[in-house]
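Student: Let me give you the structure first, and then I'll get to my questions.
The values are calculated or read from the model by the stated rules, or taken from the named source; none is laboratory data. Bear in mind the structure is a predicted one, so any value in this text is a computation, not a measurement. So basically every Cβ, Gly included, is an ideal-geometry build from the backbone, and we count neighbours across all protein chains shown. Each accessible area value is taken on the protein alone, full model and side chains, heavy atoms only, with ligands, DNA and RNA left out. Shrake-Rupley method; radii C 1.70, N 1.55, O 1.52, S 1.80 Å.
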Amino acid sequence: MTSRTFSYRARQIHRYLGVFIGIQFVLWTAGGLYFSWTNLDEIHGDHLRTRTPALRGDIVLASPAGAIAQLHAAEPVDSLAGIDLVDVLGRATYRVHYFTSQGDKAVRRTRLADAASGTLREPIAREEAIAAARAAMRDDLRLVGAELLTEASVDGHHEYRGGSLPAWAVSFDGPERATAYVPVDLGRVDRVRNDRWRAFDFLWMLHTMDYRGRDDINNTILRVLSVLGIATILSGFTLFALTSRPLRRRLARRRDAAPA
């Protein structure tokens with residue numbers, strides 16, 4: 001193959017690869033710019049939240065043993081994963097994390113218990129979720145409504161994906177259309193989603209090329225486009241070398257000096 005033919009083929013490969021993958025390069029760059037120029041705390045909605053209240057130092061607590069005994073009476077408890085002491089709607093509350101059997105699998109669950117009496121309490125109801133969200137969010141946000149989520153999505157994508165379910169989605173009106181998610185077994189706002197996060201999530205989808213679940217960075221499309229991207233760059237380097245005047249002069253001198 002002559003150098004002219006090789007140069008022509010490298011130019012064609014670079015040309016078509018550039019057209020095919022150029023759009024994805026633009027999307028990757030746009031996403032990277034957004035990621036690097038935005039405040040992650042604002043994407044998480046921290047600027048829309050108030051400070052989490054601390055528990056008083058003189059509170060009187062009952063032993064969580066009573067709540068654990070009630071759990072054993074209600075369902076089989078394989079093992080305990082931990083106990084947290086938190087503020088839920090102004091009351092000291094135990095969050096008891098445990099594992100129970102469901103078929104052949106061990107499922108992690110959480111139940112709330114009143115820390116003053118040591119008795120289990122019911123999961124968070126709608127009005128309680130609204131009260132917890134109002135207390136956690138800024139006062140200037142106007143409540144729109146609350147919806148109970150029993151599953152985050154059907155196709156693997158939801159802005160609350162990966163969160164504890166069931167959960168109340170408490171929506172607020174405002175420039176950022178914030179939604180506070182309150183799991184029924186946590187009693188507090190777990191996550192806040194707003195328009196900044198939604199833009200981040202959309203660009204993250206374009207970045208990872210996981211158009212279904214968003215978070216799979218080992219998917220086939222991303223792998224193929226990454227390989228093609230490297231091929232595009234290498235073809236560009238090849239063209240640069242083939243069209244470099246010093247290199248062409250050196251090659252010409254070698255051909256002239258070669259014995260006939």
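Student: Give region 39-56 a look and list any residue that's within 19 Å of the chain's Cα centre (by Cα) and at pLDDT below 90, or say none.
Tutor: Result: no residue meets the conditions.
Student: Which fully enclosed strands (runs of 3 or more DSSP E) of region 78-163 have 1 or more residues being more than 28 Å from residue 48 (Cβ to Cβ) and out of contact with any Ser or Thr (no Cβ under 7 Å at 6 or more places or on another chain)?
Tutor: Here the list reads 79-88, 91-102, 105-114.
Student: Considering (1) open to solvent by less than 20 Å² (accessible area, probe 1.4 Å); (2) within 27 Å of the chain's Cα centre (by Cα); (3) more than 28 Å from residue 58 (Cα to Cα), say which one residue 99 fails and leave the rest.
Tutor: Of everything listed in (1) open to solvent by less than 20 Å² (accessible area, probe 1.4 Å); (2) within 27 Å of the chain's Cα centre (by Cα); (3) more than 28 Å from residue 58 (Cα to Cα), residue 99 misses just condition (1).
Student: Sticking with this structure for a sec: In region 145-160, which residues are acidic (Asp, Glu) and open to solvent by 40 Å² or more (accessible area, probe 1.4 Å)?
Tutor: 147, 151, 155
Student: Being open to solvent by 60 Å² or more (accessible area, probe 1.4 Å) and closer than 18 Å to residue 66 by Cβ is true for just one of 126, 142, 108, 91. Which residue is that?
Tutor: Result of the check over 126, 142, 108, 91: 91.
Student: Hey, among the residues in region 47-56 that are in a loop (DSSP other than H, G, I, E, B) and among the basic types (Lys, Arg), which one's surrounded by the fewest Cβ atoms within 10 Å (Cβ to Cβ)?
Tutor: The qualifying residue surrounded by the fewest Cβ atoms within 10 Å (Cβ to Cβ) is 51.
Student: Take region 57-71 and flag every residue that is more than 36 Å from the chain's Cα centre (by Cα) and either part of a loop (DSSP other than H, G, I, E, B) or modelled with pLDDT under 90 (or both).
Tutor: 58, 59, 60, 61, 62, 63
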